[in-house]
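Only one structure is covered here, and it is reproduced in the block below.
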Amino acid sequence: MKVLIVDDEPLICESITADLKRMGHPWGYEVFTAQSVACAQEIYYREEPEFVITDIHMPGGSGLILVSEIHKDNPGCALLVLSAYDDFAYVRNAFTMGAWDYILKPIAFSELEACVRRLAGKAMAQKEQDDAEKGCRGVGQQGLFCVEDVADYVRQHVADKLSASEMARKMAVSYSSFGKLFREHMGMPFSSYLLWQRMECAKEYLDNPHLKIKQVASKVGYRKNPQHFSRDFTRLVGMSPKEYRAQKLRAQGK
């Protein structure tokens, strides 16, 4: 987890950095420090930290302005505000600007540790949720189209006749939207994923010496043209289905 510490006193930045190392959290912390709002802004946009710990009063700009800017840019970034002033107005302003929590100086290690662990856990959970939802976008008549559902469907129906246009109809989305979202989430076009998944299943079937190559071809969607299966398998795997099976059998000592 990337953490940005912002305080115009270098000793405080060093102290909090040392405290983070003492915590020994399983995520681990990659720490960056800044002694001004301007420097903090530069580091934030370059490194995109998940956690920012900032003082309020600093020369050249308020930490609350930084908090507000980061919160608007990324609401999932954990924002912890530090201050030497025990004033309700500061606390209220901090939370209004988007702070997740507020600690008074001087900072007790136990209080900092409890706060960091709680906010870091919340930030990482939010990040994981956001990453999982990247494959799910609100489109089409169904309101929700999840690429993972498509991938699961393909794995379970490799023997069927499948196409991007058919899957778009099943998901109730346009062909262009389906293709774009699938490529963004899976890193490849639907046709490439389908072919790759069929070859992976074919490898498993080829481990069974009792299945003929033609039967394997049929099980992965090549019922009418098994010769195309051998061609595609050789192109993707680098050897023919027969050669692959022979190699596997030799490795297994059969």
For this session: Sort Asp73, Asp160, Asp7 by accessible area with a 1.4 Å probe, largest first.
Result: Asp73, Asp160, Asp7
Exercise. Got a sec? Charge dipole of the chain, +1 on Cβ for Lys and Arg, -1 for Asp and Glu; which of Tyr153, Ser165, Leu206 is way out at the positive end?
Worked result: Leu206
Exercise. Which Cα, out of Ala84, Ala94, Phe178, lies furthest along the positive dipole direction of the chain (beta carbon charges, K/R +1, D/E -1)?
Worked result: Phe178
For this session: Calculate the tail of P(r) for the chain: the fraction of all Cα-Cα distances greater than 30 Å, expressed in %.
Result: 52
Problem set entry | Nearest-20 debye value, segment 25-118 charge dipole, Cβ charges on Lys, Arg, Asp, Glu | 160
For this session: Report Tyr45's accessible area, 1.4 Å probe, all protein chains in place, as a number in Å² to the nearest 10.
Result: 110
Seminar exercise, completed: Helix 175-186 sits off the longest principal axis of the Cα atoms of the chain, rounded to the nearest 10 on a 0 to 90 degree scale, by 70
Exercise. How large is ³J(HN,Hα) for each residue in segment 68-76, as worked out from phi by the Karplus curve 6.51 cos²θ - 1.76 cosθ + 1.60 (θ = phi - 60°), to whole Hz, x for Gly and Pro?
Worked result: 4, 5, 5, 4, 5, 6, 8, x, x
Problem set entry | Rounded to 10°, Cα long-axis angle of helix 109-133 versus longest principal axis of the chain | 30
Exercise. Let a ≥ b ≥ c be the square roots of the eigenvalues of the Cα gyration tensor of segment 1-52; is it rounded (a/c under 1.5), or, if not, prolate (a/b larger than b/c) or oblate?
Worked result: oblate
For this session: Could you name the lysines whose alpha carbon sits less than 18 Å from that of Lys21, not counting residues in the same chain fewer than 8 places away?
Result: Lys2
Seminar exercise, completed: Quick calc, the chain, dipole around Cα centre from Cβ unit charges on Lys, Arg (+) and Asp, Glu (-), nearest 20 debye, gives 2820
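The values are calculated or read from the model by the stated rules, or taken from the named source; none is laboratory data. Everything numeric here is computed off the predicted structure, so don't read it as measured data. Note: ideal-geometry Cβ built from the backbone for every residue, glycine included; neighbour counts use all protein chains shown. These accessible areas exclude ligands, DNA and RNA; they are computed on the full protein's heavy atoms, side chains included. Shrake-Rupley method; radii C 1.70, N 1.55, O 1.52, S 1.80 Å.
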